[in-house]
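Accompanying notes for the structure given below.
No lab work stands behind these numbers, since they all come straight from the coordinates. Fair warning: this is a prediction, and the values are worked out from it, not measured in the lab. Quick reminder, even Gly has a Cβ in these numbers, built from the backbone with ideal geometry, and neighbours come from all protein chains shown.
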Amino acid sequence: MEQAATQVRKQEARRKEGGKKREERKKAPEAAELSEGVEFLPVKEGWKIVEEYWVVEPYAKVKIVEIPELGGQKAYYVEEVQLTREERRAVDKLIDILSVELEPPASFEADVRQHIIEQARRLAEKYRSAVRVPKASWGKVLYYIERDLVGYGPIEVLMRDYKLEDISCDGVDRPIHVWHRDHESIPTNVVFRNRDALREFVVKLAHMSGKHISAAFPIVDAMLPGRHRLAATYGEEVSPKGSTFTIRKFRERPFSIVELLESGNIDSWTAAYLWLMIENKMTVMVIGATAAGKTTFLNALTNFFKPGFKVVTIEETPELNLPHENWVQLTSRESYGLGASKVGEITLYDLVRLSLRYRPDYIIVGEVRGAEAFVLFQAMATGHGGMSTMHAESLWAAIRRLTSPPMNVAPAYIPAMNIATYVERTLLPDGRVGRRMRNLWEVEDYDKYREIVRWDPATDKHAIVGSSVHLATVAARVGKSVEEVMEEIERRRTVLEWMKLKGIKDTRDVFVWINRYYINPREVYELARSELEELRVKPKPPIVAPLPREEVVVQVAARPAPRAAQSEALARLRALSTMVRARMAGGPPLSREAAAVLKALYELGGQGDRAAISRRSGLPQQALSKALSELARRGFAEVSITYTGEGAKTIYKLTPEGERAAAEL
Ligand SMILES: Nc1ncnc2c1ncn2[C@@H]1O[C@H](COP(=O)(O)OP(=O)(O)OP(=O)(O)O)[C@@H](O)[C@H]1O
Ligand SMILES: [Mg+2]
């Protein structure tokens, strides 16, 4: 409370200062009134208004305009009701009285905003004679009290407009820019005109997030109330053009996987594939550039967690938002010591180590940057499910970063990341900008990445471009054939398509239906299938466009690990049953059944479907499944999927290694 009171007093001092200036500029036009060093530029006559909507009806409205002088560029114009002089005086006076007489709320649970509004009403009644507010002005007055006392002052409307994702101010005399959901990056009419005012505002933002910013500590990366992410610089210390700030707004309701499906970010086959992989605790890394949508994508993938999964998330600033109950959220903490002393610092590295004690099914590191990557990979290599995002321009760049300081993940650990996806904010064929998962790879070894899905920028569609080895691993683990696993993906795809069509896309609802599917898969699938049939909707089969396999060799700097660590790492890797084995030339001899299937495939000219292989090898179904899984695991056979009118058809092919092995039989 004391901090709030100090803030209010400071604001008050500034307001008085501003008030004096205002009186000096008596004739300034109302709409362009300069309050607290901030100017709201007015909409000029003749500009085209593309769209307008209320943000706080009837006090604050937004107009999206086209500015002819700038070649029709769009801009975001805030229009707030203006206060008359008497009303402004009443607002100032009430804020004054509130800062002295404000009583703390009765319980911690109370909504602070609501509490202050109620107190303001109470005090206004009490000081009726001192603060004469006509009934009609009361709403306006309350709006400004809330805006200036507990809100974000001049950027209140920007903060309240749910259509804005980012708000950034690059310095004085430059319009604040926003990222608008429908209009992308556009300037606003809000301009800080005064360096001191901007500096004070940045201090206020830092205080609101419980942090300190000053000449001695001129940068802050923090969380504002409402979980909005703030990054700011103070004065000219590190930003010669004056203080700056940028706010990444938190989405109260995170994007669900169905919303990503709907917007074309991902296709239903890939989503269903990831669902199956995640159920089986495969590890996933989301790679991409700044603001590509990595965290959003990762968050949506958590929709697939089994209801009983224990999840630990580890972040610097808490952005992830899961509907699961069994979820431990950990955040790192900066040192509270001064200068180089690291007193009290708790790093991501500490937290990842701690998280292992929680016996999690999944450890999620919001973003890996440093030494924590090393521990995360160790954890993933020992059978924990893991997920993370990483800033990199490509998969290769990501691998290079992972294997160099400060992350220092040993190349032998890289395959502990089973699946890598690359997401991007990109231009779509129709000229819009959208977010897309561009590629999905399965990691076979630190120098072998198998591209499974690729997004085509020309058609805005995802296609299956390679055959999966992880599906065989999952099949072997659950004791099913690859076909059965493929059919399972088909069923989940149907359920996802159904949710999309029915508009079941709120994260909570998606969570409920996915849980239901886990509990009663048949029933949910039947419901989805029959409803789709009733509606005469047939989900389109996924596009399968096999491409020549790309083998990529990543140059990893030769950096011999200490012998002991290396052999320990190798021993752990060997012990892993969950990991897909790299192709081995040698290895233990094949089982009798596997050898028979290898021979059959060879005689069939290198490929064949299940029925043909079964006929030729004479193996019954179950033995055949086992043998095929064994061959896939050994890298002797690959599975490729063809979609026909009836559904998925699976073809088994010999790999070059398989052919060699068969020839030797
Ligand atoms: N598929 C999507 N559709 C619409 N908006 C999206 C989508 N994905 C992300 N966004 C929005 O883009 C912004 C950036 O997203 P996000 O935080 O996920 O990106 P990021 O890559 O993790 O960023 P950073 O590099 O800062 O970690 C957010 O405001 C988010 O709401
Ligand atoms: Mg992120």
If you take all C-alpha pairs in the range 440-503, what percent of them are over 16 Å apart? 62 percent
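Restricting to Cα pairs below 8 Å that are 6+ residues apart, what does the relative contact order work out to for the chain? Please round to a whole percent.
9 percent
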In terms of the charge dipole of the chain, which places +1 on Lys and Arg and -1 on Asp and Glu at the beta carbon, the residue among 539, 231, 49 farthest towards the positive end is 231
Considering only 636, 176, 341, whose Cα is most displaced toward the positive end of the charge dipole of the chain, charges sitting on Cβ of Lys, Arg (+1) and Asp, Glu (-1)? 341
Long-range amide H contacts for residue 50: which residues qualify at under 5 Å (H placed 1.01 Å from N, peptide plane, sequence gap of 5 or more or a different chain)? 64, 65, 66
Can you list residues from other chains, or at least 5 along the same chain, whose modelled amide H is less than 5 Å from the amide H of residue 185? 180
Hey, what do the phi angles of the range 230-239 turn into as Karplus ³J(HN,Hα) couplings, whole Hz, using 6.51/-1.76/1.60 and θ = phi - 60°, x for Gly and Pro? 10, 10, 8, 10, 9, x, 9, 4, 10, 10
Linear extension gain, residue 460 paired with residue 231, 0.36 nm per residue minus alpha-carbon span: 79.0 nm
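Quick check: residue separation of residue 487 and residue 529 times 0.36 nm, minus the Cα distance between them. What number comes out in nm?
13.8 nm
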Can you run phi through the Karplus equation (6.51, -1.76, 1.60; θ = phi - 60°) for the range 492-498 and list ³J(HN,Hα) in whole Hz, with x for Gly and Pro? 5, 5, 4, 5, 5, 5, 5
Pairwise centroid distance, computed over Cα atoms, of the range 399-424 with the range 39-85, Å: 47 Å
What order, most packed first, do the peptides 396-403, 381-388, 226-233 have when packing is the mean number of other Cβ atoms within 10 Å of each residue? 381-388, 396-403, 226-233
Only Lys, Arg, Asp and Glu count, each charged at its Cβ (+1, +1, -1, -1), so figure out the dipole size of the range 424-495 about its Cα centre, rounded to 20 debye. 360 debye
Protection proxy (average C-beta count within 10 Å per residue), highest first, orders 353-366, 467-480 as 467-480, 353-366
Report, to the nearest 10°, how far helix 2-24 tilts away from the longest principal axis of the Cα atoms in the chain, using its own Cα long axis and a range of 0 to 90°. 60 degrees
By how many degrees, between 0 and 90 and to the nearest 10, does the Cα long axis of helix 85-101 differ from the longest principal axis of the chain? 70 degrees
Under 5 Å between amide hydrogens, which residues at least 5 positions from residue 170 or on another chain qualify, with H placed 1.01 Å from N in the peptide plane? 177
Using θ = phi - 60° and the Karplus curve 6.51 cos²θ - 1.76 cosθ + 1.60, what whole-Hz ³J(HN,Hα) does each residue of the range 442-454 get, with Gly and Pro shown as x? 9, 8, 9, 8, 5, 10, 9, 10, 9, 6, 9, 10, 9
Enumerate the lysines that residue 74 could reach by cross-link, defined here as Cα to Cα under 18 Å, with residues fewer than 8 away along the same chain left out. 44, 48, 61, 63, 163
Given the alpha-carbon gyration tensor of the chain, what are the semi-axes of its equivalent ellipsoid in whole angstrom, ordered largest first, with each equal to the square root of 5 times an eigenvalue? 57, 27, 22
A student asked for the Cα radius of gyration and Dmax of the range 115-222 in angstrom ought to give 17.1, 49
Rounded, prolate or oblate: which fits the range 171-244 when a ≥ b ≥ c are the square roots of the eigenvalues of the alpha-carbon gyration tensor, with rounded for a/c under 1.5 and prolate only if a/b beats b/c? oblate
If R0 is 22 Å, what FRET efficiency do you get for residue 477 and residue 356 from their C-beta distance, rounded to 0.05? 0.45
